[in-house]
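The values are calculated or read from the model by the stated rules, or taken from the named source; none is laboratory data. Just so we're clear, the structure is a prediction, and the values are computed from it rather than from any experiment. Glycine also receives a Cβ, built like all others from the backbone with ideal geometry; neighbour counts cover every protein chain displayed.
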Amino acid sequence: MNNEDLLKNERIERELSPHPLSFMRYQSLAIFLLVWGVVLGWLINFSEYSSLFNSNEWYPIMVWGIVLLVFGVIASLLTIRWSIFFLYLAVFLGGIGVMLWQN
């Protein structure tokens, strides 16, 4: 801001900017979605527990959704914002919708 933009008797005391980690709460929610997807993909395809998921095609989706929604409830309770839970619920319902749409 230039001094020309200030009114009479106004002055700039400090110019502040947010800390780079100030938005980490929102970034960590997205990072959790990515990490949980990779971990579940590894469990289904490459781990010694992959035989547990082969009996029914809906088991991986149920495990993915339950962990996703439980984490959404925990994050919502910690931050006192239920929008996080509804965001994760939308991701879960969107994932089921895509699976049903693509057979």
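Taking helices (runs of 4 or more DSSP H) as the structural unit, those lying wholly within the chain and holding at least 1 residues that are without any contact (Cβ under 8 Å) to a residue 60 or more places away in the chain and basic (Lys, Arg) correspond to 24-45. Here is a list of conditions, (1) modelled with pLDDT of 85 or more; (2) touching a Pro at 6+ places or on another chain (Cβ under 8 Å), and residue 65 meets all of them except one; can you say which number that is? It is condition (2) that residue 65 fails. Selection over region 64-103 of residues that are among the aromatic types (Phe, Trp, Tyr) and farther than 23 Å from residue 43 by Cα gives a count of 4. For residue 55, the conditions (1) surrounded by fewer than 13 Cβ atoms within 10 Å (Cβ to Cβ); (2) touching a helix residue (DSSP H, G or I) at 6+ places or on another chain (Cβ under 6 Å); (3) not β-branched (Val, Ile, Thr) all hold with the exception of (2).
Against the test of being small (Gly, Ala, Ser), at pLDDT 85 or above and surrounded by fewer than 10 Cβ atoms within 10 Å (Cβ to Cβ), the options 17, 22 yield a single qualifying residue, 17.
So that you can scan it fast, the table gives a plain yes or no per residue for (1) closer than 26 Å to residue 72 by Cβ; (2) of a type in the set (Asp, Glu); (3) in contact with a helix residue (DSSP H, G or I) (Cβ under 9 Å, 6 or more places away or on another chain):
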{"site": "6", "(1), (2), (3)": "no, no, no"}
{"site": "13", "(1), (2), (3)": "no, yes, no"}
{"site": "20", "(1), (2), (3)": "yes, no, no"}
{"site": "38", "(1), (2), (3)": "yes, no, no"}
{"site": "48", "(1), (2), (3)": "no, yes, no"}
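Scan region 51-73 and give yes if some residue there is more than 17 Å from residue 94 (Cβ to Cβ), among the hydroxyl-bearing types (Ser, Thr, Tyr) and touching a Phe, Trp or Tyr at 6+ places or on another chain (Cβ under 8 Å), otherwise no. Scanning region 51-73, I find at least one residue that is more than 17 Å from residue 94 (Cβ to Cβ), among the hydroxyl-bearing types (Ser, Thr, Tyr) and touching a Phe, Trp or Tyr at 6+ places or on another chain (Cβ under 8 Å), so the answer is yes.
Of the residues making up region 79-95, just one is among the aliphatic types (A, V, I, L, M), surrounded by fewer than 15 Cβ atoms within 10 Å (Cβ to Cβ) and at pLDDT below 90, namely 80.
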